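Quick notes on the structure that follows.
What follows draws every value from the coordinates through simple rules; no lab data is involved. Everything numeric in this text was worked out from a predicted model, so none of it was measured. As a convention, Cβ positions derive from the backbone with ideal geometry for all residues, glycine included, and neighbour counts pool all protein chains shown.
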Amino acid sequence: MKNARIASVFLALFTLLVVKEGIIAADLSAEVDALVKAEMRRQKTPGLSLAVVRDGKPLLVKVYGFANLEHRVLVKPATVFQSGSIGKQFTAAAVMLLVEDGKIGLDEKISKYLGDVPESWRSITIRHLLSHTSGMTDYPPDFDLRRDYSEDELLRMVKEVPLAFSPGERWEYSNLGYVVLGITIGKVAGQFYGDFLSERVFKPAGMTTARVINEADIIPNRAAGYRVVKDEIKNQNWVAPSVNTTADGSLYVSILDMIRWDSALTRRALLKPSTYEAMWSPAVLSSGKRTSYGFGWSIKSVNGKRLMEHGGEWQGFRSFIARFVDDGVTVIVLANSSNANPQRIAHGVAQVIDPSLKPRSWSVVEPGIVADHRQLFESVLSGKVAPGRFAPAVRKSLFGDRLLDHVKTLGPILNFDLIRFEKLAEGNVYSYEIQFGSMTIAIEMVQKADGKISRLEIHPE
């Protein structure tokens, strides 16, 4: 009870301090609190940091719960969380800095920077890796998270994983692609990619506590990560130190760091405006079809206006950043539980702050559509795909998808939540967050008027 009173007083005082950057009505602040606390209770999330930023300046910053349950340490604005895959946007920025330096070419083959590569890699470019269109996939099932790997060993491991498709043929989320990008940055810059990030991204952006994960170092305000096992909160699983240094999402960040990052993006402070536009433009496949991913960012829309976002999940932490670009609103959520639902919180808070960000189509979702899509996805996981429900290209993509193969081993679906729905020219777009016992994924389905699924993208979080 005493800790709860202290947390309430601290939160009230801190909210007053940050609102000087903007104005938000007290009733909206209370509505945000109610939304966040309800989600934290539902998902058994110990602690969370939240920021709402408008035009690069903090509008609202709030902290909730505990950074460390064992020591009863409260979350504060300086609390450091693990990034998960939102770290990919920093890797992409580092690559683009080297592009601007003239040291990397977006359409150069990666063999130029890595030397000898497998024959199947010969046509892979830097652009392919950034946009998840290289054919690379995810860590193989026998990858040992508790073994220390050298960079050469990691690259050798990636080379041994077969490509899922020819480079540029389709889109498939790939952690291994970003591992290779980190190695490439190191070879081109002549220094560890984390040191390059520190010098060229974090320091110029004013991100004073952002850094690559290092559990041996003394890190002030470091949060503990948690997971839920059989309805009981447990500590995060341990992984080998080198596994926590790869460029697919192994960073420490605080909510204050992320506010400064968003400000740098808003001001186009680190890169040329044309470079940002390249990063934030959907990648185009060899067929000419556009994807919904740029370089380290998912590219979507709400009510015809741009939404750029990304989630992350790793070692007992989950994160999410949603940038409603045309509205100048960004919502950032950092949580210390693999069971948290930061995407739901980020979208929900955005709609509280600015009701125009609620998709206009949301209220007209057809009755039974969520249940139908859940049944459809469960049929995919069971290997009993209804051929009449998927376009030929989608059916083809379901075979050889290593992420999907891994998802099939996770057991039953615990939650199947509709996060976003919008009617677009390509069809009705449905975004779902799907929770399993040990992992959460996001999928995006596009359904045509004839009921066929013309696009199915799977993202780990």
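So the values come out like this:
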| read-out | value |
| --- | --- |
| Cβ-Cβ FRET estimate between ASP55 and LEU398, R0 fixed at 41 Å, reported to 0.05 | 0.45 |
| Residues of the range 92-121 with amide N under 18 Å of the 7 Å Cα→Cβ point at SER166 | 109-110, 118-121 |
| Part-to-part distance (alpha-carbon centres) for the range 213-263 and the range 397-461, which is given in Å | 26 Å |
| Ascending count of other beta-carbon atoms within 10 Å, so fewest first, for TRP238, TRP280 | TRP238, TRP280 |
| Residues in the range 189-227 that a label on LEU145 would reach, taking backbone N under 14 Å of a point 7 Å out along Cα→Cβ | 225-227 |
| Fewest-first ranking of VAL370, VAL446, using other Cβ atoms within 10 Å as the exposure measure | VAL370, VAL446 |
| Gained length - ARG122 relative to ALA240, 0.36 nm times residue gap less alpha-carbon distance | 39.3 nm |
| Global form of the range 388-461, assessed from the alpha-carbon gyration tensor, a/c cut-off 1.5 | oblate |
| Those lysines that a straight Cα-Cα span of less than 21 Å connects to LYS37, excepting residues fewer than 8 apart in one chain | LYS2, LYS62, LYS76, LYS234, LYS358 |
| Extension gain, ALA425 back to LYS187 (0.36 nm per residue minus Cα-Cα distance, nm) | 81.4 nm |
| Options (1) 22.5; (2) 28.9; (3) 28.2 - which one matches Kirkwood radius over Cα pairs in Å as calculated here | (1) |
| Amide hydrogen neighbours beyond the local backbone of TYR293, cut-off 5 Å, H modeled | ALA283, ILE299 |
| Amide N of the range 117-160 lying under 15 Å from the label point, which is placed 7 angstrom from the Cα of GLU215 along Cα→Cβ | 144-149 |
| Part-to-part distance (alpha-carbon centres) for the range 165-183 and the range 103-137, which is given in Å | 8 Å |
| Extension gain, THR208 back to LEU414 (0.36 nm per residue minus Cα-Cα distance, nm) | 70.3 nm |
| Burial ranking of peptide ranges 321-334, 103-116 (average Cβ count within 10 Å, highest at the top) | 321-334, 103-116 |
| When each of LYS159/LYS289; LYS159/LYS272; LYS44/LYS187; LYS44/LYS88 is checked by Cα-Cα distance, pairs over 31 Å | LYS159/LYS272; LYS44/LYS187 |
